[in-house]
1. For residue 38, what residues show an amide H to amide H distance below 5 Å, using hydrogens built from the backbone and excluding near sequence neighbours?
2. Give me the accessible area of residue 102, 1.4 Å probe, in Å² rounded to the nearest 10.
3. List every residue whose amide H lies under 5 Å from the amide H of residue 68, counting only residues 5 or more places away in sequence or on a different chain, with H placed 1.01 Å from N in the peptide plane.
4. Starting from the Cα-Cα distance between residue 78 and residue 59, subtract it from 0.36 nm times their residue separation and give me the gain in nm to one decimal.
5. At a Förster radius of 22 Å, what calculated FRET efficiency corresponds to the Cβ-Cβ distance of residue 49 and residue 98, to the nearest 0.05?
6. Rounded to the nearest 10 Å², what accessible area does residue 60 have for a 1.4 Å probe in the complete protein model?
7. Roughly speaking, what is the stretch gain from residue 86 to residue 67, that is 0.36 nm per residue apart minus the C-alpha to C-alpha distance, in nm to one decimal?
8. Please label the shape of region 34-89 as rounded, prolate or oblate, based on the square roots a ≥ b ≥ c of the eigenvalues of the alpha-carbon gyration tensor (a/c under 1.5 means rounded; beyond that, a/b larger than b/c means prolate, else oblate).
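The values are calculated or read from the model by the stated rules, or taken from the named source; none is laboratory data. The structure presented is a predicted model; accordingly, all values stated were derived computationally and were not measured. Reconstructed Cβ throughout: ideal geometry from the backbone, glycine too, with neighbour counts over all protein chains shown. For the accessible areas, the whole protein counts, side chains as well, though only heavy atoms, and no ligand, DNA or RNA atoms are used. Shrake-Rupley method; radii C 1.70, N 1.55, O 1.52, S 1.80 Å.
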Amino acid sequence: MGSRGQSGTVSRRGGTILGVVVGGSVFAMLALTSLSGFARLALQEGNLTIQYRWTGQKVVLPFIEVMDVREEPAFKGQWRLVVVTDTNGTYESALSSHTVVRAAAELLKTKMTQP
């Protein structure tokens, strides 16, 4: 009679399956959120290259298009670097320590103020 026991409750097996599905979904969402941003930045010859680890995608844009660089707190003491362009493009990093995010933000902000 399905996954219900005689007392009308969900059987142990059904509860285990439900627990695995819910737990796996939460874990997958956290993993995707943590890894969804870019993993690497490179500034060379006036271009900013943004590289994503998860998809392998690279975005190359003229550094002159970068209008704002922000450090944003994320999850459990982790931070994200956010790069905003003049065409309203927003690029967020994968989660990292505040020290790493701050160093990258300061470097980019310094380059933005140089002629």
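1. Hits under the 5 Å cutoff: 92, 93, 94.
2. Its accessible surface works out to 110 Å², give or take rounding.
3. Amide H to amide H, under 5 Å and 5 or more residues apart or across chains, residue 68 pairs with 84.
4. Values: separation 19, 0.36 × 19 = 6.84 nm, distance 2.37 nm.
Full extension from residue 78 to residue 59 adds 4.5 nm.
5. 0.40
6. The accessible area of residue 60 comes to roughly 90 Å².
7. 6.3 nm
8. Verdict is oblate for region 34-89.
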